[in-house]
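Undergrad: Have a look at the structure that comes next, please.
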Amino acid sequence: GSKYSKKNIKDIDEEVEELDPIIEKINNMTIEEKIGQLVFVGLDGLEPNERDVELIKNHYVGGFILFRNNIDNIEQTVKLTNSLKSINSKNKAPLLIGIDEEGGRVSRLPEELVKIPKAKDIGTVDDVKFFNEIGKLLGYRLSSLGINMNFAPVLDIHSNPQNTVIGDRSYGNTAYIVSKHGIPVMDGIKEYNVIPVVKHFPGHGDTYIDSHIALPVVDKTKDELEGLELKPFEKAISNGADVVMMGHILLSNIDNENPASLSKTIINGMLRDNLKFKGVVITDDMTMGAIAENYDIGEAAVRSLKAGSDIVLVCFDYENQIKVLNDIMKAVNNNDISQDELDTKVYRVLKLKDKYNLADNQIEVPNIEDINRKTVAVFEKYLKEGFIRARVDGEYVKQR
């Protein structure tokens, strides 16, 4: 086939040198290796099993997401991340290892670690430096466990009090507060070479339905979205956001057929063209009810990639993961996804891995006391007034 070159790259980098090492790498990759980079998977247990090994060695998957059932304690977590990287070390691109670590109820880290409070509880602290420290803590804790991507911060605005899925995961109920607090968290995470993923574009704050169960519908106009939901994302992009997660939300006034995660109007139109986002677009989990109840998962993955996403997230079920990989392969073979489109997506993913100097290197088990001491120090420094160190569910809580 034709070699991928500077002129094929759309909207990525105006000054790509002819001898871009990433382009050379792409030109030496097989179709299987390229497709693998576009798929992020979950795994079942506390250590990699045969299927996980196969997903890495035969399907070249680009990343793994860890959940609570993959994490027992600090030592086991480091052993898990080390072994995934070791299995991947002969592949051409290093592995992304991601996790949802927001603080509060969305935390997957071992119980031995002091918890970081939920966004709502700390959202009332009016100190940008404090939020930057929270981001640094998140980055520090993850990097010390061998995790290099965090699906956080949440930039959804808690504008609908009846919203249960976002609720206390949001930093506040105005675009100003969410931007003011969320972006320093994003910057802080980066300081430990962990990739922050801002979510859930174009905004999950004004929904009643939990997209884990069914498809939420938001009937706002483009102007209303631009006046509220999109503002924190716009600010994050102008502040160097590298990855945006697409939510499974139907914006009935913008595209009444496709949820945002499958919508060309929203991904390529709203996010890339209007907000000038040039980074990596990843979907929320394709096995969530919003997608799984309404679409064939393989077809949905292909639709999402054609609509402009770069990575599809398939958290659960090996059969789903294999089906997605096979259906993307079929789409590429039929030219339903063109070679150029495929290469452009792979370029974005590899450029991200390169920017953060990711490598499949092994790490030592960290000292838990050090991590906890550092965590406690941040809260003691910033939360002197009105906060007490009460270990309710192991969390710092505001004095009632």
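The values are calculated or read from the model by the stated rules, or taken from the named source; none is laboratory data. None of the values given here were measured: they were computed from a predicted structure. We place every Cβ from the backbone using ideal geometry, glycine too, and count neighbours over all the protein chains shown. The accessibility values were calculated without ligands, DNA or RNA, using every heavy atom of the protein model including side chains. Shrake-Rupley method; radii C 1.70, N 1.55, O 1.52, S 1.80 Å.
Undergrad: Between region 190-212 and region 65-99, what's the alpha-carbon centroid distance in Å?
TA: Here the answer is 22 Å between Cα centres.
Undergrad: Ok, one more. Only helical DSSP H runs with n ≥ 4 go in: add -39500 (n - 2.57) per run for the chain, normalise by residue count and round the 222 nm mean residue ellipticity to 500 deg cm²/dmol.
TA: Dividing the helical sum by the residues of the chain leaves -11500 deg cm²/dmol.
Undergrad: What are the ³J(HN,Hα) couplings of region 25-37, residue after residue, when phi is run through the Karplus curve with 6.51, -1.76, 1.60 and θ = phi - 60°? Round to Hz, x for glycine and proline.
TA: With the stated coefficients, region 25-37 comes to 4, 4, 5, 9, 9, 7, 4, 4, 5, 5, 4, x, 5 Hz.
Undergrad: Taking N as the number of residues in region 35-85, what is its Cα Rg relative to 2.2 N^0.38 Å?
TA: Taking the Cα Rg and dividing by 2.2 N^0.38 Å, one obtains 1.09.
Undergrad: So if we plug the beta-carbon distance of residue 219 and residue 176 into 1/(1 + (r/R0)^6) with R0 = 30 Å, what FRET efficiency do we get, rounded to 0.05?
TA: 0.80
Undergrad: Okay, moving on. Using a/c under 1.5 as the rounded threshold, could you call region 318-372 rounded, prolate or oblate? The axes a ≥ b ≥ c are square roots of the C-alpha gyration tensor eigenvalues, and prolate needs a/b larger than b/c, oblate otherwise.
TA: oblate
Undergrad: Quick check on packing: order 148-157, 268-277, 172-181, 241-250 by the mean number of other C-beta atoms within 10 Å, highest mean leading.
TA: 148-157, 241-250, 172-181, 268-277
Undergrad: Would you list the P(r) distribution for the chain, with all Cα-Cα distances sorted into 20 Å bins from 0 and each bin expressed as a whole %?
TA: 29, 60, 11, 0
Undergrad: Skip the ligands, DNA and RNA, and give the accessible area per residue of the chain with a 1.4 Å probe, whole Å².
TA: Spelled out: the 1.4 Å probe surface of the chain, per residue, equals 41 Å².
Undergrad: Shifting gears a bit: Collect residues whose amide H, placed 1.01 Å from N in the peptide plane, falls under 5 Å from the amide H of residue 96; neighbours closer than 5 in sequence don't count.
TA: For residue 96, whose amide H was placed from the backbone, the distant partners under 5 Å are 63, 64.
Undergrad: Taking the mean number of other Cβ atoms within 10 Å as a proxy for protection, how do you rank 349-355, 114-120 from highest to lowest?
TA: Packing order, densest peptide first, comes out as 114-120, 349-355.
Undergrad: While we're looking at this one, here's another question. If the only charges are +1 at each Lys and Arg Cβ and -1 at each Asp and Glu Cβ, what is the size of the charge dipole of region 142-213 around the Cα centre, to the nearest 20 debye?
TA: For this selection, approximately 100 debye.
Undergrad: Which number do you get for Rg(Cα) / (2.2 N^0.38 Å) in region 270-358?
TA: In units of the 2.2 N^0.38 Å rule of thumb, it is 1.12.
Undergrad: Could you check how much of the accessible area of region 65-214 is carbon and sulfur, as a whole percent, using a 1.4 Å probe?
TA: 51
Undergrad: Another question about this same structure. Can you tell me the FRET efficiency between residue 68 and residue 239 if r is taken as the Cβ-Cβ distance and R0 is 41 Å, rounded to the nearest 0.05?
TA: 0.85
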